[in-house]
Amino acid sequence: MEPLYTAQELAEVEAYHQPRYVASCLDFALTPLVLILLVRFATKPLWRFSERTGVRLERGPIFAKLWNGPGWAAALLFALLFFGLYSAIDLPVEIWFGYFHEHEHGLSRASPAVFLADMVKSKILFALAIGALVFGLFGLARRTVHWWWLLGVAASVLMLVSTAIDPYRSRIYVDQTPLPPGTLRDRITSLMAEAKVDFADVKVEHTASRTVRLQAYFAGTGPTRTIVLNDSLIAGLTEDEVLATVAHEAGHVHEPRWPARLGTAIVLIAFLFTIEGMFRASRRRGWFGITERADVRTLPLIVLVFTLGLMMGNPISGAISREREYAADRYAIALTKNAEAFRSMLRKAARTNKMDPTPPRWAVWRGMSHPPISERLAAIP
Ligand SMILES: [Zn+2]
């Protein structure tokens, strides 16, 4: 087997990844520090400004009803300002890695306008999510001390439903069109019948104007499940190789879902219970000048605790995810009975996406969702 990269290509792959590892290392150390500083020094001034400005913005009875009293505008403003400040700190790094670094290494084709539009869209969606969080979590917590398990159960049920609307989410960013009739569609259809995987449609995602990367995923579940292949993947792979990626994704469909769902629900409810603890402690001890339960000034502290929890949980979820990738690879090879196509598909995907064959061990342990490509290739029989 010839090596994945020539020496020259490998140097380029390393030049692409090295700064990303450095950033990831710094991110690991600096994110908690930045959040601690924000909690300590930004909470009070942000609140003073929000309180003053919020009073003038408060109109309409609907929001006051949702919020259970006055003060919703100040709370919302505070939350938006806090997250705005937090992401502004990161913005130059985000733009450099998302745009300049990707272009320098030939991975991105996005024009500045497209990049900017995508970023604005994602920030707007994020702000909407913050609004929903503030009204949902704080609004409910202001009404009842039972909010943490009520919200925990409701959110867990909602998560089951939300996978059904997955197919619509990615269309916010990129156009999708049905895969035209032909041998590829026919072969995918019979392969999925063999795999006993229902699906609604096969779509082509038009990403070629943005990225050179090959991408494939399944979105939705049961009757809404959509098989999504990007245009570069269809152009760059043979039919057998495309089938190998679809078979791999089908392997994920058959994974047992309930342990993860139950685990997520338990972790979520435990976290919400911890927040209730912070609500009570902040009132008792008068943190940030708080005199009532469920004051939005606890939000930066909640984000800090959440982030630390996520950092500790990522190595575990990453390890589970990597095991599942191996299982999906084995499934795909067994389903297609074509290890050769699977191998050449992985090699093409690795080369096009400039995957690092040997990422540093700490980067893997920190929570990489996929095993290093060299190890995936080595595991193919
Ligand atoms: Zn996978």
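The values are calculated or read from the model by the stated rules, or taken from the named source; none is laboratory data. Just so it is clear, the model here is predicted, and its values are computed rather than measured. Every residue, glycine as well, gets a Cβ built from its backbone with ideal geometry; the counts of neighbours run over all protein chains shown. We work out accessible area using only protein heavy atoms, side chains counted, and drop any ligands, DNA or RNA first. Shrake-Rupley method; radii C 1.70, N 1.55, O 1.52, S 1.80 Å.
Applying 1/(1 + (r/R0)^6) with R0 = 35 Å to the Cβ-Cβ distance of LYS65 and ARG169, what FRET efficiency is obtained, to the nearest 0.05?
0.75
Please report the spacing between the Cα centers of the range 160-217 and the range 336-357 in Å, no decimals.
19
How many percent of the accessible area of the range 208-283 is carbon or sulfur, using a 1.4 Å probe?
Working: 2100 of 3180 Å².
Accessible surface attributable to carbon and sulfur in the range 208-283 totals 66 percent.
Students sometimes get this wrong: rank THR207, THR189 by accessible area, probe 1.4 Å, all chains present, largest first.
THR189, THR207
So for the range 1-45, considering every pair of alpha-carbon atoms, how many percent are separated by more than 13 Å?
Roughly 69 percent, rounded to a whole number.
Compute the helix-to-body angle for 72-95: its Cα long axis versus the longest principal axis of the chain, expressed 0 to 90° and rounded to tens.
So the helix axis and the longest Cα principal axis differ by about 40 degrees.
Against the longest alpha carbon principal axis of the chain, how many degrees, from 0 to 90 and to the nearest 10, is the axis of helix 43-57 turned?
80
Please identify, among ILE234, ILE333, ILE95, the residue showing maximal mean-square fluctuation in a Gaussian network model of the chain using a 10 angstrom Cα cutoff.
The residue with the greatest mean-square fluctuation here is ILE95.
Set Lys and Arg Cβ to +1 and Asp and Glu Cβ to -1, take the dipole of the range 106-234 about its Cα centre, and tell me which of ALA164, MET192, PHE126 lies farthest positive.
Working it through, the farthest residue towards the positive pole turns out to be PHE126.
To the nearest 10 square angstrom, what accessible area does SER209 show with a 1.4 Å probe?
Accessible area, nearest 10 Å²: 80 Å².
Which value results when the Cα radius of gyration for the range 201-247 is divided by 2.2 N^0.38 Å? Could the numbers behind the result be given before it?
Working: Rg = 10.7 Å, N = 47, 2.2 N^0.38 = 9.5 Å.
Normalised Cα radius of gyration, the range 201-247: 1.13.
Would you mind giving the average projected area, over all directions, of the Cα convex hull of the range 271-371 in nm² with one decimal? Numbers along the way, then the final one.
Working: hull surface 37.7 nm².
For the range 271-371, the mean projected area of the Cα convex hull comes to 9.4 nm².
Helix-only estimate, please: 222 nm mean residue ellipticity of the chain, summing -39500 (n - 2.57) across DSSP H runs of length 4 or more and dividing by its residues, to the nearest 500.
On the way: 14 runs with 253 residues, N = 381.
Result for the chain, helices only: -22500 deg cm²/dmol.
For the range 166-206, go through all pairs of different Cα atoms, get the mean of 1/r, take its inverse, and jot down that Kirkwood value in Å.
Mean inverse Cα-Cα distance, inverted, gives 11.3 Å.
For helix 258-285, what angle does its Cα long axis make with the longest principal axis of the chain, in degrees from 0 to 90 and rounded to 10?
That helix lies at roughly 20 degrees to the long axis.
Can you quote the Å³ per residue value for the convex hull of the Cα atoms in the range 102-259, rounded to an integer? Before the final figure, lay out each step's value.
Working: hull volume 22.2 nm³, N = 158.
About 141 Å³ per residue, rounded to a whole number.
Please give the per residue volume of the convex hull enclosing the alpha carbon atoms of the chain, rounded to a whole number of Å³.
Details: hull volume 59.2 nm³, N = 381.
About 156 Å³ per residue, rounded to a whole number.
Give the whole-number value, in cubic angstrom per residue, of the convex hull volume spanned by the C-alpha atoms of the range 199-323.
Taking only Cα atoms, the range 199-323 has a hull volume of 165 Å³ per residue.
Just tell me which lysines come within less than 29 Å, Cα to Cα, of LYS44; anything on the same chain fewer than 8 places away is out.
Candidates past the 8-residue exclusion: LYS65, LYS123.
Run down the aspartates and glutamates and flag those whose C-alpha is under 16 Å from the C-alpha of LYS196, throwing out any fewer than 8 positions away in its chain.
ASP186, GLU249, GLU255
Taking the square root of 5 times each eigenvalue of the Cα gyration tensor, what semi-axes in Å does the equivalent ellipsoid of the range 1-133 have, largest first?
Ellipsoid semi-axes (Å, largest first): 42, 18, 11.
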